[in-house]
Structure formats: structure tokens, C-alpha cells
Amino acid sequence: MSTAVKWWRRPWVVPLMVVTVVFLAFSLPPYLTLDATRARLPIRADAPGQYPLLVLHILFGSVALLTSCLQVWPWFRGRYRVAHRRIGRVYVFAGVLPSAVLAIPTSVYGHSGPVGAAGNVVLAVLWQATTTVGFRMARERRFAEHRRWMIRSFALGTSIVANRVWLVVLLIALLPSGASEAEFATATRHATVAAVWLSWVANLVIAEWWIARSRRKERQPVGVS
């Protein structure tokens, strides 16, 4: 008898996919034109390598975001094991690893200042590390540990989506009523830096809570509520 979890028993899967597709539909198209003037982030005139690195980072990151939605879906993972393994390799080698490496110089060139850049670099290193460990656990057939590390990888990868949410929340909180143009610019600068850190730290805390919760349920005797 199959123990696979029914697809409809995970109601968060469809909203996750919808949010991911909507986010990419808004964020990705300007970079597909290869026109630096259409970039949604400021491009420095004194850094000619910034734009091509940013485009590559976004393209590889988009692959990671899309494939991660399928990878964390228990029904898909249980029913299509071969596809899960193959998509997992795409996630690692055509998504996370190149995107995380490119995120480092992109962050240094970025517009969020040294504190924001540090937050993005730490995020990139952690994303690469958790993904690498998770892939290694799968190769060693330590699947429980593989899932835990990939939950962390997923949380760090989707922090780019959470970043936009935090940015809006922080701007609402920081902007005074009737703010001047200068006050708006200052609030935006502070909110951008804070959102960099809050997005991945909050996601990682939630991931660790989820992992701890799952471990408690695994240790709970059958029949005990």
C-alpha cells in the first residue's frame, strides 16, 4: 500500500507555486532583454561587470526558485522519485551553486551599502553550504538529513521573495506621514538594508522550527496525539 501523501493534503503547495510564478513574472522579464537601462536595481557606471553578473545570477536563481517548488512537494517527491532526483541535480548545479557564487560579486557591486552587502554575502555562502551538504547527504543515502538540509536551502533561496515583503512592511513602518522626498530616500535606504537581513534570518528561523517540529513528530509513539 502506498504511503505517499495525497497532493491535496499539502494546501501550501499551490499558493507557493503561484507566488513564485507571480514573483518571477514581475522580476525576470526586464533582464531577459539584456538592456541595462531596464534593470530594476541600480547599475553602477564604474562597474561594467555588474550587469552581466546580475543577469546570470537572476537567471540561475530563477531556475532554483522554480525547481525548489517541486522538490519540497511531498506528493511529487514520493510519486516521481526519478524526476525528483533529476530535478534536484538541476536545482543544485543549474540553480543554487552558480547563482550563489554570482551573488557574491553582485552583492559587492550592489546598492545596499556595506551592511546590506555583508548580509547578502552571508546569505550566498549559507545557501551554497546548505545545498552542498544536502546534496552530499542524498549521495550517501542519508535521506532524513538530506531533507533537513534542503529545507534550509529552500528557506534561504526563497528569502528573495520574503525580502520584497519585508521591504514593504518596513517602509510602511519607517515612513512618517507626509514624508518629504529626502525622508522617503532615507527610509528606503534603511528599509533595504534591514530587509536583506530580516528576509533570510526569519526564513531560516522558521525552517529550524519546522525541522524541530518534524523531529518531535517522528519520535512520537504511534497512536499518541
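The values are calculated or read from the model by the stated rules, or taken from the named source; none is laboratory data. Not measured: the values here are computed from a predicted model. Cβ coordinates were reconstructed from backbone atoms using ideal geometry, including for glycine residues, and neighbour counts include every protein chain displayed. Remember, those area values only see protein heavy atoms, side chains included, never the ligands or the DNA or RNA. Shrake-Rupley method; radii C 1.70, N 1.55, O 1.52, S 1.80 Å.
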Are any residues in segment 115-166 over 18 Å from Leu16 (Cα atoms) and either in contact with a Cys (Cβ under 8 Å, 6 or more places away or on another chain) or of a type in the set (S, T, N, Q) (or both), and if so, which ones? Asn120, Gln128, Thr130, Thr131, Thr132
Out of segment 71-99, which residues are over 16 Å from the mean Cα position of the chain (by Cα), at pLDDT 90 or above and crowded, with 19+ Cβ neighbours inside 10 Å? Ile87
Subset of segment 39-70 (residues that are open to solvent by 30 Å² or more (accessible area, probe 1.4 Å), under 23 Å from Ala162 (Cα atoms) and not aliphatic (A, V, I, L, M)): Arg40, Pro42, His57, Phe60
Would you confirm whether any residue within segment 35-52 is of a type outside the set (Ser, Thr, Tyr), assigned to a loop (DSSP other than H, G, I, E, B) and at positive phi? no
Look at Ser159 and say whether it is within 19 Å of Ser112 (Cα to Cα) and either hydroxyl-bearing (Ser, Thr, Tyr) or exposed (fewer than 15 other Cβ atoms within 10 Å of the Cβ) (or both). yes
His111 - would you say it is closer than 30 Å to Ala185 by Cβ and open to solvent by 60 Å² or more (accessible area, probe 1.4 Å)? yes
Pairs with Cβ under 9 Å, 6+ apart, first in segment 11-28 and loosely packed, with under 13 Cβ neighbours inside 10 Å, second of a type in the set (A, V, I, L, M): none
Name the single residue, out of those in segment 163-204 being farther than 17 Å from Ala118 by Cβ and polar (S, T, N, Q), that is most open to solvent (accessible area, probe 1.4 Å). Ser177
